[in-house]
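Here the structure is laid out as structure tokens; the discussion comes afterwards.
The values are calculated or read from the model by the stated rules, or taken from the named source; none is laboratory data. These numbers come from a predicted model, not from an experiment. All Cβ positions, glycine included, derive from the backbone under ideal geometry; neighbour counts span all protein chains shown. Heavy atoms of the whole protein, side chains included, go into the accessibility calculation; ligands, DNA and RNA do not. Shrake-Rupley method; radii C 1.70, N 1.55, O 1.52, S 1.80 Å.
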Amino acid sequence: VLGHLADRVAGRLRAKDRAGRTVTVRIRFASMRSITRSRTGPDPVATNLTLTEIAVALVRQGLADWPDEHQISLLAISVSKLVDQPAVQLDLLGPNTDSTRWAVDHSLDAVRKRFGRAAVGYAGVALSAMAGVPDEFRELAEHEL
């Protein structure tokens with residue numbers, strides 16, 4: 001579910017040539033208790049896998065803080081502290097993980113623009129039974145950046 005949410009959020013960021021330094025997850029439990037966890041990093045984020053990895057870590061932290069809660073009724077991801085990011089600066093001294101992910105995600109965006117959203121995606125998201133969210137709910141949740 002987090003992979004699907006991250007895919008949607010990161011895609012909207014890249015469509016506007018934006019990235020953000022703060023990732024926030026919101027968790028609502030079946031008991032209606034809501035918690036948020038956030039992380040601000042030194043570098044802006046706009047790639048699917050990086051956003052997913054951060055969100056998973058934040059959700060794990062939130063679940064560890066509330067071990068008596070066993071059911072989740074809502075998960076949400078948001079990105080803030082936005083900056084313009086039409087390209088990614090290559091790191092000459094280290095691995096180019098961010099630039100590689102950025103290039104792959106932009107390729108996915110181009111294929112989706114031409115052939116539709118269902119044409120291509122990360123296997124963990126595209127093949128998941130949880131990937132489908134009705135368009136009406138998605139439109140209510142999405143806001144312009």
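Between the beta carbons of residue 15 and residue 66, assuming R0 = 30 Å, the FRET efficiency works out to 0.30 to the nearest 0.05. Only protein atoms count toward the accessible area here, which uses a 1.4 Å probe; on region 6-119, the carbon and sulfur part of that area reaches 54 percent.
Rounded to whole numbers, the Karplus 3J(HN,Hα) couplings from phi for region 32-46 are 6, 6, 10, 9, 10, 9, 9, 9, 10, x, x, 10, x, 10, 8 Hz, using 6.51 cos²θ - 1.76 cosθ + 1.60 with θ = phi - 60°, and x at Gly and Pro.
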